[in-house]
Structures are given as structure tokens and as C-alpha cells.
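Inspection log for the structure reproduced underneath, given as C-alpha cells.
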Amino acid sequence: MAHANPDEASKNEDDRDRHLHIRLSDDRSSIFDFITEYLHAAGKTADWYWRTAGRLEGNEAENLEELLSSAFEAGAFIAHEHPEDLDFGWVTEEECERERKREERGEQREAAKKDKSLPHYA
């Protein structure tokens, strides 16, 4: 995915049937670290956020709204404070599906590598 300004991409006529994907540009980066950084900078309790996100079930509307709001704010924070760590890309549904399949195959390959590296005892 090319690093680009999402506003510039949305002006293109061909982008009408596309949706935005935002990914971390470095595979070693963690979205959890960026969100935690945002929560600390915003004076929010990171522990509460992660505990609530981990046990969210059903339609807990009040907690869900707070989590989504904080996640949205975190995204804006990351885009402002760490723009070099994000890749923006406008993709079609077909491109999205191909990307999803590639990611799944990559995860399967990683799992297979880990499985092969473990000793097997009878």
C-alpha cells in the first residue's frame, strides 16, 4: 500500500467504488502501543480501556460508545503524531479480498514455520 494522503486519493474519480485501508507501515509496530500512547496523552485510563475491550459482550452500548470514540480519537492522534507510521490506500472490494487472502496465507505460513521449528517427540 502506498503512503499517501487520504484526501488526495479520494479526489480521484476511480475511487468512488473504493474504501480506505489504513495500515501500520512497519510490521514490527503495534497498534496497541499507539492507542495506549494516545490514551496516556489524553489523560484516559489505558488499563480500563483494555480491560473493557477484552470483556465487551452483547450490546453494552455505553462502554461500546466510549471504546469506539476513544479508538476514533486514537486514530486521529496517531495520524497526527506518527504519520510516517501509517500507510493509506484506497482499495476496491476485490483488492480488499485479495489482501485479506494474502494475509491469511501469510499467517498460515508463519504458523507452519513455527510448527516445523518445534521438535516433535513420539
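Taking the criterion of being among the hydroxyl-bearing types (Ser, Thr, Tyr) and at pLDDT 80 or above, would at least one residue in the stretch 90-97 satisfy it?
Yes, that holds for at least one residue.
Residues to consider are 47, 85, 27; find the one that is within 22 Å of residue 103 (Cα to Cα) and free of Cβ contacts under 8 Å to residues at least 24 places away in the same chain.
Just a single option satisfies the conditions, and that option is 27.
For the stretch 74-98, what are the residues that are buried (at least 16 other Cβ atoms within 10 Å of the Cβ) and either under 14 Å from residue 31 (Cβ atoms) or touching a Cys at 6+ places or on another chain (Cβ under 7 Å) (or both)?
74, 75, 77, 78, 85, 86
Looking at the stretch 52-84 only, could you name the residues that are at pLDDT below 90, charged (D, E, K, R) and closer than 24 Å to residue 23 by Cα?
65, 66, 73
The values are calculated or read from the model by the stated rules, or taken from the named source; none is laboratory data. Here the structure is a predicted model, which is why all the values come from computation and not from measurement. Backbone-built Cβ (ideal geometry, glycine too); neighbour counts: all protein chains shown.
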